[in-house]
1. Please go through region 142-165 and pick out each residue that is under 20 Å from LYS20 (Cα atoms) and either open to solvent by 60 Å² or more (accessible area, probe 1.4 Å) or touching a Pro at 6+ places or on another chain (Cβ under 8 Å) (or both).
2. Give, as residue ranges, the strands (runs of 3 or more DSSP E) completely inside region 106-171 that count at least 2 residues that are under 14 Å from the mean Cα position of the chain (by Cα).
3. Of everything in region 120-159, what is hydroxyl-bearing (Ser, Thr, Tyr) and more than 21 Å from PHE9 (Cα to Cα)? Give them in sequence order.
4. For region 113-127, state whether one or more residues are of a type in the set (Asp, Glu) and open to solvent by less than 60 Å² (accessible area, probe 1.4 Å).
5. I'd like the full set of residues that are among the charged types (D, E, K, R), touching a residue at least 40 places away in the same chain (Cβ under 8 Å) and open to solvent by 50 Å² or more (accessible area, probe 1.4 Å), limited to region 57-101.
6. Under 17 Å from ASP147 (Cα atoms), modelled with pLDDT under 95 and touching a helix residue (DSSP H, G or I) at 6+ places or on another chain (Cβ under 6 Å): does that describe THR29?
7. Could you grab me the full set of residues in region 100-119 that are over 11 Å from GLY28 (Cα atoms) and at pLDDT below 95?
8. State whether one or more residues within region 90-99 are among the charged types (D, E, K, R) and either more than 25 Å from TYR56 (Cα to Cα) or modelled with pLDDT of 95 or more (or both).
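The values are calculated or read from the model by the stated rules, or taken from the named source; none is laboratory data. Keep in mind that this is a model prediction, so the values were computed, not measured. Cβ coordinates were reconstructed from backbone atoms using ideal geometry, including for glycine residues, and neighbour counts include every protein chain displayed. Keep in mind that these areas ignore ligands, DNA and RNA; they rest on the heavy atoms of the full protein, side chains included. Shrake-Rupley method; radii C 1.70, N 1.55, O 1.52, S 1.80 Å.
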Amino acid sequence: KKNIRFEMFKKVFDISLQRKLKTIVETGTTRGKIKFFFFKKYNWKDGMSTPMFAEYAKFTMGKLHTCDISLKNIENAKKFTSNFSEYIKFYVKDSLIFLKEFNNPIDLLYLDSLDGHDPIAASNHQLKEAQIAIKKLHDKSLILLDDKGSKTNLSIDFLTKNNFKIIYETNHQVLLSL
């Protein structure tokens, strides 16, 4: 059975390859594993985009920049992506500070920080991320917003008012581009 986000990630990687996108920025990194007694199992329903972006970065000789406010999440992500370490840079920072300090053009922006359990706070946070990052995007950039409906309530409106168009969407995610 395919993951509920499989369809969108397939679309994102297909378009990214066509556009030769190499610089990926992810806010909110892989969170961890579910622990069962004496062994661990990946939790593919929760925060597992980092390994996929890492593999894409290796395939394209690109770079993934992933940030999370939690050191534990970053440490877990480093374990999951150890085969791709030369293609990833990790940042333990608030995503707003990270995005302000990030000085390179962004090819693929994935906004998935701050859990959507509080839709008002999550939507405001994602809007602030979009407002900061928009200056670093270009005409071929892609923006992938996660947790449609809980985090995306304000950012979609902001991005579409700034000439971005929804080019693909599922029940869980929205993909935009100029």
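1. LYS165
2. Passing ranges, in order: 106-111, 137-146.
3. SER123, the sole residue that qualifies.
4. Scanning region 113-127, I find no residue that is of a type in the set (Asp, Glu) and open to solvent by less than 60 Å² (accessible area, probe 1.4 Å), so the answer is no.
5. Just the residues of region 57-101 that are among the charged types (D, E, K, R), to begin with: 58, 63, 68, 72, 75, 78-79, 86, 89, 93-94, 100-101.
Checking the rest, the ones that are also touching a residue at least 40 places away in the same chain (Cβ under 8 Å) come to 63, 68, 72.
Once the filter is applied, which keeps residues that are among the charged types (D, E, K, R), touching a residue at least 40 places away in the same chain (Cβ under 8 Å) and open to solvent by 50 Å² or more (accessible area, probe 1.4 Å), region 57-101 yields LYS63, LYS72.
6. Working: under 17 Å from ASP147 (Cα atoms): yes; modelled with pLDDT under 95: yes; touching a helix residue (DSSP H, G or I) at 6+ places or on another chain (Cβ under 6 Å): yes.
So THR29 fits the description; yes.
7. Residues satisfying the conditions are GLY116, HIS117, ASP118, PRO119.
8. Yes, region 90-99 contains at least one residue that is among the charged types (D, E, K, R) and either more than 25 Å from TYR56 (Cα to Cα) or modelled with pLDDT of 95 or more (or both).
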